[in-house]
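Here's the structure, in structure tokens; my notes come after.
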Amino acid sequence: MGTYATLLGLAHFNHRTPYVLRCNYEKLEPYFKITAVDIISINVPEEHSYHISSFLRKEDKFISQNKILLKGYLYPLSFTFFHHIRDKIRSEFSFNDEIINRVENYLAELRLVYGNASTLVSIHVRRTDYKGWLNTSTRKGRQVDMEYFNRAMKYFEERYEKVVFVVMSDDRKWCKKNFANKSNAVLAPPVSEPAVDMALISRCHHHIMSYGSFGFWGAYLGGGTTVFFADFLPPDSTYLLNDMPYNVTYLPEWVGISTTPPGFWKTPPIS
């Protein structure tokens, strides 16, 4: 999704027609109503390739006409590439009718229980793969904790009278245990297609995300307010500095909540 959105955003900046490689098209087409023309493959000399970074640079708006293939950073996610055409991006990532029908049927069931006046807030809890992802020499991060979700839930409960939290996760066992005492939190049904969860996130009024591209896109395609887990990477993390600076990853209006204790990232003194 990030690759496709970046393609569309750069094409718009440079007044070019976007063509998506078949390998990318086949990943997206089963779930979304994308419109860019797909091509099986493209083999061009290196001098006709243009290398992008992890976020938009000034020169990306003025790509030479002889550059016809985007290369470089493998998993672009920065909103700086595509936020200027957000309506277009949200349209391109319109879920297919079968997915939307499943989501709307579930939301109708929720409204029967909690009422039509409820404010629905999605909670995306990403855990299983991120523990290893965070525990690398370039990231050295900390995993999301329940304290964060408690604070994020309180943020919305202080602003709306009747809030229902819809929890989606790759670790349902952890969620069942940790959200069990939350009377206004429901664990969404297990699904065979993760796209259904993403569509459900996007259909809620507001969003609480942990980290990762899945939660980002669910919130980005939705509306309302998004709260994210802030300060989960140390200030000296090379990944934070070079790949994922917070200010080009999370929209300025999104609300960051940190549960990192003061001094947590300081290197302990040598004994």
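Worth pointing out:
- Taking 0.36 nm per residue of sequence separation and removing the Cα-Cα distance, the Lys67/Lys140 pair yields an extension gain of 22.6 nm.
- Applied to the stretch 169-175, the Karplus parametrisation 6.51 cos²θ - 1.76 cosθ + 1.60 on θ = phi - 60° returns per-residue 3J(HN,Hα) values of 6, 8, 9, 5, 4, 4, 5 Hz, with x for Gly and Pro.
- Surface composition of the chain: carbon and sulfur atoms hold 53% of the protein heavy-atom accessible area at a 1.4 Å probe.
- Stretch gain in nm, segment Glu161-Thr238, where the contour uses 0.36 nm per residue and the Cα spacing is subtracted: 23.5 nm
- The residues Met209, Met1, sorted by heavy-atom accessible surface at 1.4 Å with ligands and nucleic acids left out, run Met1, Met209 from largest to smallest.
- The spacing between the stretch 1-16 and the stretch 25-78, judged by their C-alpha centroids, is 7 Å.
- Cut-off under 5 Å, modelled amide H: who pairs with Val167 long-range: Ile123, Val186, Leu187, Ala188
- Of Thr17, Leu77, Thr35, farthest towards positive along the dipole that unit charges on Lys, Arg, Asp, Glu beta carbons give the stretch 1-93: Leu77
- Residues in the stretch 117-135 that a label on Trp174 would reach, taking backbone N under 15 Å of a point 7 Å out along Cα→Cβ: 123-135
- Distant-in-sequence amide H partners of Val20 (H built 1.01 Å from N, under 5 Å): Val37, Asp38, Ile39
- Annotation: amide H-H contacts under 5 Å for Val227 (H modelled 1.01 Å from N, sequence separation of 5 or more, or interchain): His207, Ile208, Met209, Val255.
- Using a simple spin-label model with pseudo-atoms 7 Å out from Cα toward Cβ, Asn105 and His12 lie 3.4 nm apart.
- Max mean-square fluctuation residue, GNM over the chain, Cα-Cα springs under 10 Å, options Ala180, Ala152, Ala219: Ala180
- In degrees, nearest ten, helix 194-203 long axis to first principal axis of the chain (Cα): 70 degrees
- Whole-Hz ³J(HN,Hα) from phi, Karplus 6.51 cos²θ - 1.76 cosθ + 1.60, for the stretch 38-49, glycine and proline x: 9, 10, 4, 6, 9, 10, 10, x, 4, 5, 9, 9
- Dipole axis of the stretch 84-184 (+1 Lys, Arg; -1 Asp, Glu on Cβ), positive-most option in Trp174, Tyr160, Asn116: Trp174
- Rounded to 10°, Cα long-axis angle of helix 2-13 versus longest principal axis of the chain: 50 degrees
- Coupling constants for the stretch 148-155 follow from the phi torsions by the Karplus curve (6.51 cos²θ - 1.76 cosθ + 1.60, θ = phi - 60°), and in residue order they are 4, 5, 4, 5, 5, 5, 4, 3 Hz; glycine and proline get x.
- Directionally averaged shadow of the stretch 140-183, computed from the convex hull of its alpha-carbon atoms, nm²: 3.9 nm²
- A convex hull fitted to the Cα coordinates of the chain yields 155 cubic angstrom per residue.
- The residues of the chain present an accessible area of 52 Å² per residue when probed at 1.4 Å with all protein chains retained.
- Three-way shape call for the stretch 68-168 based on the alpha-carbon gyration tensor, with the a/c threshold at 1.5: oblate
- For the chain, the longest principal axis of the alpha carbon atoms and the long axis of helix 97-114 meet at an angle near 20°.
- Label reach from Asp97 (point 7 Å along Cα→C-beta): in the stretch 29-46, amide nitrogens under 19 Å belong to 29-35.
- With Cα atoms defining each centre, the stretch 212-229 and the stretch 104-127 are spaced 16 Å apart in the structure.
- Its relative contact order, with pairs defined as Cα atoms under 8 Å and 6+ residues apart, puts the chain at 18 percent.
The values are calculated or read from the model by the stated rules, or taken from the named source; none is laboratory data. Just so it is clear, the structure is predicted and the values come from calculations on it, not from any experiment. Cβ coordinates were reconstructed from backbone atoms using ideal geometry, including for glycine residues, and neighbour counts include every protein chain displayed. Side chains are part of the model used for accessible areas, which takes the heavy atoms of the whole protein and leaves out ligands, DNA and RNA. Shrake-Rupley method; radii C 1.70, N 1.55, O 1.52, S 1.80 Å.
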